[in-house]
Amino acid sequence: MNVIIVKDQVEGGRKAADMVINAVKNGAKVLGLATGSTPETMYKDLIASDVDFTKMTSVNLDEYVGLAPEDDQSYHYFMAKHLFDAKPFAKSYVPNGLAKDADAETARYNKVIADNPIDLQVLGLGRNGHIGFNEPGSPIDAQTRKVALTESTIEANSRNFEHEEDVPKFAYSMGIGSIMKSHNIILMAWGTEKADAVKGLIEGPVTPDCPASILQKKDNVTVIVDEAAAAKLSNK
């Protein structure tokens with residue numbers, strides 16, 4: 001695991017964007033993408049660059065159950081706003097939050113991942129150590145599935161909604177097993193509220209209590225954290 005400590009989210013986003021651009025130059029065909037505030041600076045730098053994704057495929061980690069693509073809190077909408085409108089891909093996949101049959105939707109998405117092996121997966125990190133919406137206790141071999149969000153995740157995401165009760169309680173999420181099949185992974189984390197999770201990810205035992213800790217067993221993982229998120233690491 002390659003750990004890079006940066007001053008702040010701006011510097012970290014720039015480093016992550018440079019890694020994505022380098023991967024594209026080296027022939028990457030499929031990018032796994034994440035949403036939320038963590039990758040926003042990376043997307044901003046990608047938009048400002050001359051990188052061309054028009055012959056590539058993107059596969060997103062997750063989507064809220066019950067939100068339409070045009071809902072401004074959906075991850076479809078987020079990706080269009082923060083990347084796809086400015087930097088389109090030949091094909092972009094995001095789970096369908098309005099799917100009527102959860103089993104059929106997860107089977108469809110697992111086939112998408114199988115048909116489009118991910119060269120570089122971008123991840124954020126939840127306060128509770130989740131990656132994607134793989135909450136503590138998630139099986140390490142899981143594929144895409146419908147998951148119930150924990151109270152801490154709902155609370156963390158409530159800042160984006162007018163009322164906490166508006167936050168969806170379920171999501172479709174790529175599983176840990178699917179994430180681990182990615183050839184390369186970049187994980188980013190910013191701020192003191194992520195410091196415990198970062199310590200668990202890098203220095204803690206590999207445990208379902210911190211889902212991200214499984215990345216210790218994966219080759220080709222780069223972790224980019226700012227000084228605040230790295231504050232509890234023993235070796236800095």
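The values are calculated or read from the model by the stated rules, or taken from the named source; none is laboratory data. All values reported here derive from a predicted model rather than from experimental measurement. Positions of Cβ are backbone-derived with ideal geometry, glycine not excepted, and every protein chain shown enters the neighbour counts. For accessibility, only protein heavy atoms count, side chains too; no ligands or nucleic acids. Shrake-Rupley method; radii C 1.70, N 1.55, O 1.52, S 1.80 Å.
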- Item | Calculated volume of the Cα convex hull per residue in Å³ (choose from (i) 125; (ii) 136; (iii) 112), label | (iii)
- Query: Heavy-atom accessible area per residue, region 1-88, 1.4 Å probe: how many Å²?
  - Reply: 47
- Note on the structure: Amide H contacts under 5 Å for Val6, restricted to residues at least 5 apart in sequence or on another chain and with H modeled in the peptide plane, are Val225, Asp226, Glu227
- Mind listing the long-range amide H neighbours of Leu187? Cut-off is under 5 Å, sequence gap 5 or more, other chains count too, H placed in the peptide plane at 1.01 Å from N. Leu123, Thr222, Val223, Ile224
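Roughly to the nearest percent, how much of the accessible area of the chain is carbon and sulfur, given a 1.4 Å probe? All intermediate terms of the calculation are to be shown ahead of the outcome.
On the way: 5120 of 10780 Å².
Of all accessible area on the chain, carbon and sulfur atoms account for 48 percent.
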- By average C-beta atoms within 10 angstrom, highest first, the peptides 224-234, 16-26: 224-234, 16-26
- Item | Estimated 222 nm signal from helices in the chain, with DSSP H stretches of n ≥ 4 weighted -39500 (n - 2.57), rounded to 500 | -8000 deg cm²/dmol
- For an R0 of 30 angstrom, estimate the FRET efficiency from the Cβ-Cβ distance between Lys217 and Lys169 and round to the nearest 0.05. 0.45
- Give me the accessible area of Lys181, 1.4 Å probe, in Å² rounded to the nearest 10. 150
- What is the distance in Å between the Cα centres of region 191-220 and region 45-100? 27
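My understanding is that a pair violates if its Cα-Cα distance is over 23 Å; which of Lys81/Lys111; Lys146/Lys181; Lys194/Lys217; Lys44/Lys146 do that in this structure? Mind showing how you got there, number by number?
On the way: Lys81/Lys111 26 Å; Lys146/Lys181 19 Å; Lys194/Lys217 21 Å; Lys44/Lys146 30 Å.
Lys81/Lys111; Lys44/Lys146, as the Cα separations exceed 23 Å there.
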- Query: With every protein chain left in place, what is the accessible area of Asp85 in Å² (1.4 Å probe, nearest 10)?
  - Reply: 130
- Query: Which of the aspartates and glutamates could a cross-linker span from Lys199 if the Cα-Cα distance has to be under 18 Å and same-chain partners fewer than 8 positions apart are dropped?
  - Reply: Asp8, Glu135, Asp209, Asp226, Glu227
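Can you tell me the mean projection area, over all orientations, of the convex hull of region 125-232's alpha carbons? Units nm², please. Don't jump to the answer; show the numbers that get you there.
Values: hull surface 26.1 nm².
For region 125-232, averaging the hull's shadow over all directions gives 6.5 nm².
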- Query: Per residue, how much accessible area does region 146-209 have with a 1.4 Å probe, in Å²?
  - Reply: 46
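Going by accessible area, probe 1.4 Å, with all protein chains left in place, what is the ranking of His163, His82, largest first?
Details: His163 85, His82 40 Å².
If we order His163, His82 from most to least accessible, we get His163, His82.
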